[in-house]
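Data first, discussion second: the structure below is written as structure tokens.
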Amino acid sequence: IFGTVKKIEIPQNCEVIWVADLFAEDYSQGGAELTSENLIKTSPLDIFKLHSKDVSMELLEQGVEKFWIFGNYCGISMGLIPTIIANIKYSILEFDYKMCRYRNLDLHALNEKKVCDCAESTHGKLISAFMYGSLGLFFMAEKQLEIYCEHFPFLIEKPCTVLSSVFNDQDFLKIKILRQKYKNYKKTN
């Protein structure tokens, strides 16, 4: 039937709810999506994938006893963040700079012609509270962790891990094939 929306329910048997804007089945070229997929596939836990745009108060209530992981979560209603902080056990896997409205400090500087000051905005402060409320923070690079801690020094108190991107054997095979294919390619500029 046209216009029918399938109701999402948190499966009883899942142990972890993984929230992301997109997953590898939605966009197989994204580094965040591939890293998330490799972590999900290698986990011994039963993981339920939930698109950030679908997170609702009802689903938070259904999954209140589960552990949540928030990857790229820009689609989530920011109004739900205080409820998540107060009621959910979660970690954050940070792929970019969500404190910045551009999610990229260089892009912010390029577009605004000034250094990013989003950390001082209401949005930036909400993101910092979300990060502080987590049980653990995972970053893609040492420099990224350093930048977050410069803006929000209290994050040093949280368990922080630099994870980097996570690749599987097929990813390395693709890289090897591409490297071989383009070994004689010369950049022309």
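Bear in mind these aren't lab numbers, they're just calculated from the coordinates by the rules spelled out. Quick caveat: nothing in here was measured; it's all calculated off a predicted structure. Cβ sites come from the backbone with ideal geometry, for glycine too, and all protein chains shown count toward neighbours.
List of remarks:
- Evaluating 6.51 cos²θ - 1.76 cosθ + 1.60 at θ = phi - 60° for every residue in the range 122-131, the Karplus couplings come out as 4, 4, x, 5, 5, 4, 5, 5, 4, 5 Hz, glycine and proline recorded as x.
- Coil-residue trypsin sites (Lys or Arg not before Pro) of the range 110-145, DSSP, other Cβ within 10 Å capped at 13: LYS113, LYS114
- Within the shell defined by Cβ-Cβ distances under 11 Å, the residues around GLY63 carry a net charge of -3, with Lys and Arg each +1 and Asp and Glu each -1.
- Amide H to amide H, with H built 1.01 Å from N, TRP68 comes under 5 Å of ILE17, LYS89, TYR90, SER91, counting only residues 5 or more places away or on other chains.
- The simple spin-label model puts a point 7 Å past each Cα toward its Cβ; for GLU65 and ASN104 those points are separated by 4.3 nm.
- DSSP loop GluC sites (Glu not before Pro) with at most 11 other Cβ within 10 Å: longest gap in the chain: 66-189
- Only the Cβ atoms of Lys and Arg (+1) and of Asp and Glu (-1) were treated as charged; on that basis the dipole of the chain about its Cα centre amounts to roughly 880 debye.
- The shape of the range 1-103 comes out rounded: with a ≥ b ≥ c from the C-alpha gyration tensor, a/c is under 1.5.
- Counting all C-alpha pairs of the chain, share separated by more than 19 Å (%): 64 percent
- When the square roots of the Cα gyration tensor eigenvalues are ordered a ≥ b ≥ c, the ratio a/c for the range 98-142 is 1.5 or more and a/b does not exceed b/c, which makes its shape oblate.
- Surrounding net charge for LEU45, when Lys and Arg each add one and Asp and Glu each subtract one, Cβ distance under 13 Å: +1
- Restricting the calculation to Cα atoms, the range 54-102 shows an Rg/Rh of 0.95 when the hydrodynamic-style radius is the Kirkwood one.
- Stretched out straight at 0.36 nm per residue, the stretch from LEU178 to LYS113 would grow longer than its current Cα-Cα span by 19.7 nm.
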